[in-house]
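For reference, the structure is listed below as structure tokens.
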Amino acid sequence: MKTLSDIDFKDKKALIRVDFNVPLDENFNVTDTNRIEAAKPTIDKILNDGGSVILMSHLGRPKGKEEKYSLKHIVATTSEVLGKDVKFVEDSVGETVEKAAQALKPGEILLLENLRFYSEEEAGDEAFAEKLAKLGDVYVNDAFGTAHRAHASTTIVAKFFPENKVFGTLLAKEIDSLNKVLGNSEKPVTAVLGGSKVSSKITVIENILDKVDHLIIGGGMTFTFIKAQGGSVGDSICEDDKQQLALDILEKAKANNVQVHLPVDVVAADGFKNDANTKVVDVKEIPDGWQGLDAGPKSLEQFKEVILNSKTILWNGPLGVFEMENFAKGTIQLGEYIAEATKNGAFSLVGGGDSVAAVKQFGLEPKMSYVSTGGGAMLEMLEGKTLPGIAAIQE
Ligand code: AMP
């Protein structure tokens, strides 16, 4: 894996693909600076080496040039977070941009305009990528959030830097963390998969079955498994056409010596709303008119034991409808068990969707070993796919 330490950036211009797709309020103030902070180690390292930095990113989903999506809105905040002056150029390619890049001195930062003002970006247009490539001596990809897209700035541009293309610190950390979990990880390895549907997680499950010792299944997915085993799931979310698939997964898990842990009880509600009536019931005996919306206390006790005995933990997907306060307990508890295991020396990775939101919402982020920054990209990595943005650097 070629990283920043493989290059001496002195007097070099680094063209960095960052993910500055940050949320803005109605007055165009940045409301969450996490993504800018995440790129700081890469930028600092290059500037400290005596290089200069050209930052390129997308923001939102503009249809052509739309002022409200201009990256000019984030210049002041970027400058504040980086603690340095940030120059801005109102285009992404072309003569003005080339001049601005050429004029850049060591230690200076230039931010380009929103790449998605050009349809060529998402189309992965080669000529557009070549124009971007003209701006720098070294290409650095530090945008994990878009590493699963073969866009001009995330993938295609790399071919114009056959010798001088590297992973930024953030992207390298994402790859490292996943390798720690699904590569040569310390056993026992436990994966917790929650979320709403089996169908959206099937590829992940298939990919990890030969890599984990324990598989905890929770969330809405539970009920397809329980029904397939002959249980009554009442009005719980259930994919009837995936029942055979659920049984096949359980068979395959057995063949791989993976212990599968499904909830044994659930918090059932008489409606899909926070103030519905609730009762704890056996997961196989949910009455009609009731639906399981969170893991029950006995299930949580069992999950706790598995988690606290694990040395490596992957968490993808909530155990219940955590967006509603009354059904968030299972997800919070699970997060706390993982935090405790992590404190005791386990490695924990949270990634690939809603569990990241849950961990942030409940203040558990600092207690995890690593929380992934890219939902879709992490999910594809968990599925065992090679991400084009990563492959382009490795080729
Ligand atoms: P995913 O995007 O597949 O990770 O699914 C996350 C969503 O699953 C969240 O919005 C949860 O509210 C939802 N979810 C979790 N448990 C349940 C459940 N028992 N019934 C319905 N939805 C659920």
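Consider the range 284-329 and keep the residues that are open to solvent by 30 Å² or more (accessible area, probe 1.4 Å), assigned to a helix (DSSP H, G or I) and within 13 Å of the ligand (Cβ to nearest atom). The one that is nearest to Ala269 (Cα to Cα) is Asn326. For the criterion of being of a type in the set (Val, Ile, Thr), touching a residue at least 24 places away in the same chain (Cβ under 8 Å) and in contact with a strand residue (DSSP E or B) (Cβ under 7 Å, 6 or more places away or on another chain), Thr373 fails.
Of all positions in the range 41-52, at least one carries a residue that is farther than 25 Å from Lys360 by Cα, open to solvent by 20 Å² or more (accessible area, probe 1.4 Å) and polar (S, T, N, Q). Exactly one residue out of Leu55, Leu82, Leu24 is assigned by TED's automatic domain parsing to the domain that holds Ala147, touching a Leu at 6+ places or on another chain (Cβ under 7 Å) and either surrounded by fewer than 21 Cβ atoms within 10 Å (Cβ to Cβ) or within 22 Å of Leu132 (Cβ to Cβ) (or both): that is Leu55.
Can you name every residue in the range 191-239 that is at pLDDT below 95 and hydroxyl-bearing (Ser, Thr, Tyr)? Residues satisfying the conditions are Ser196, Ser199, Ser200, Thr203.
Name the one entry in Val93, Val157, Val81 that is outside any helix (DSSP H, G or I), at pLDDT 95 or above and of a type in the set (A, V, I, L, M).
Working: Val157 fails: outside any helix (DSSP H, G or I); Val81 fails: outside any helix (DSSP H, G or I).
Every option except Val93 fails the conditions.
Is it the case, given these coordinates, that Thr42 is out of contact with any Asp or Glu (no Cβ under 6 Å at 6 or more places or on another chain), of a type in the set (S, T, N, Q) and not in a strand (DSSP E or B)? No. Taking the criterion of being within 16 Å of the ligand (Cβ to nearest atom), in a loop (DSSP other than H, G, I, E, B) and open to solvent by 20 Å² or more (accessible area, probe 1.4 Å), the residues of the range 333-382 that qualify are Gly353, Phe362.
Answer with yes or no whether Phe272 is within 16 Å of the ligand (Cβ to nearest atom) and open to solvent by 40 Å² or more (accessible area, probe 1.4 Å). When the stated conditions are applied, Phe272 passes them.
Annotation: of all residues in the range 174-198 being within 16 Å of the ligand (Cβ to nearest atom) and touching a helix residue (DSSP H, G or I) at 6+ places or on another chain (Cβ under 6 Å), the one that is nearest to Val371 (Cα to Cα) is Ala191. Cβ-Cβ distances below 7 Å connect the following pairs, each with a first residue in the range 230-243 that is free of Cβ contacts under 8 Å to residues at least 24 places away in the same chain, a second residue that is surrounded by 18 or more Cβ atoms within 10 Å (Cβ to Cβ), and a separation of six or more residues or different chains: Cys238/Phe223; Cys238/Thr224; Cys238/Lys227; Gln243/Thr224; Gln243/Lys227; Gln243/Ala228.
Within the range 240-255, can one find any residue that is within 15 Å of the ligand (Cβ to nearest atom), in contact with a Pro (Cβ under 9 Å, 6 or more places away or on another chain), modelled with pLDDT of 95 or more and more than 23 Å from Ile307 (Cα to Cα)? Checking the range 240-255: not a single residue is within 15 Å of the ligand (Cβ to nearest atom), in contact with a Pro (Cβ under 9 Å, 6 or more places away or on another chain), modelled with pLDDT of 95 or more and more than 23 Å from Ile307 (Cα to Cα).
Yes/no per residue for (1) open to solvent by 10 Å² or more (accessible area, probe 1.4 Å); (2) within 21 Å of Lys45 (Cα to Cα); (3) among the small types (Gly, Ala, Ser); (4) not assigned by TED's automatic domain parsing to the domain that holds Ala358:
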residue: Glu122; (1), (2), (3), (4): yes, no, no, yes
residue: Phe128; (1), (2), (3), (4): no, no, no, yes
residue: Asp142; (1), (2), (3), (4): no, yes, no, yes
residue: Ala147; (1), (2), (3), (4): no, no, yes, yes
residue: His151; (1), (2), (3), (4): yes, no, no, yes
residue: Thr154; (1), (2), (3), (4): no, yes, no, yes
residue: Ile175; (1), (2), (3), (4): yes, yes, no, yes
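Annotation: of all residues in the range 200-225 being farther than 23 Å from Glu301 by Cα and of a type in the set (Ser, Thr, Tyr), the one that is farthest from the ligand (Cβ to nearest atom) is Thr203. If you go through the range 204-225 and pick out every residue that is β-branched (Val, Ile, Thr), within 16 Å of Asn256 (Cα to Cα) and assigned to a helix (DSSP H, G or I), you end up with 3.
Applying a threshold of 8 Å to beta carbon distances and a minimum spacing of six or more residues, or different chains, the list of pairs starting in the range 322-348 at a residue that is over 15 Å from Ile216 (Cα atoms) and ending at one that is surrounded by fewer than 22 Cβ atoms within 10 Å (Cβ to Cβ) and among the basic types (Lys, Arg) reads Met324/Lys273; Ala339/Lys367; Thr342/Lys367; Lys343/Lys367; Gly345/Lys311; Ala346/Lys311; Phe347/Lys180; Phe347/Lys311.
Of all the numbered requirements in (1) outside any helix (DSSP H, G or I); (2) open to solvent by less than 50 Å² (accessible area, probe 1.4 Å); (3) closer than 20 Å to Ile74 by Cα, Val166 misses one, and that requirement is (3).
The values are calculated or read from the model by the stated rules, or taken from the named source; none is laboratory data. Since we're looking at a predicted model, the values are computed, not measured. Methodologically, a virtual Cβ is constructed for each residue, glycine included, from the backbone with ideal geometry; neighbour enumeration extends over all protein chains shown. Note: areas computed on protein heavy atoms with side chains; ligands, DNA, RNA excluded. Shrake-Rupley method; radii C 1.70, N 1.55, O 1.52, S 1.80 Å.
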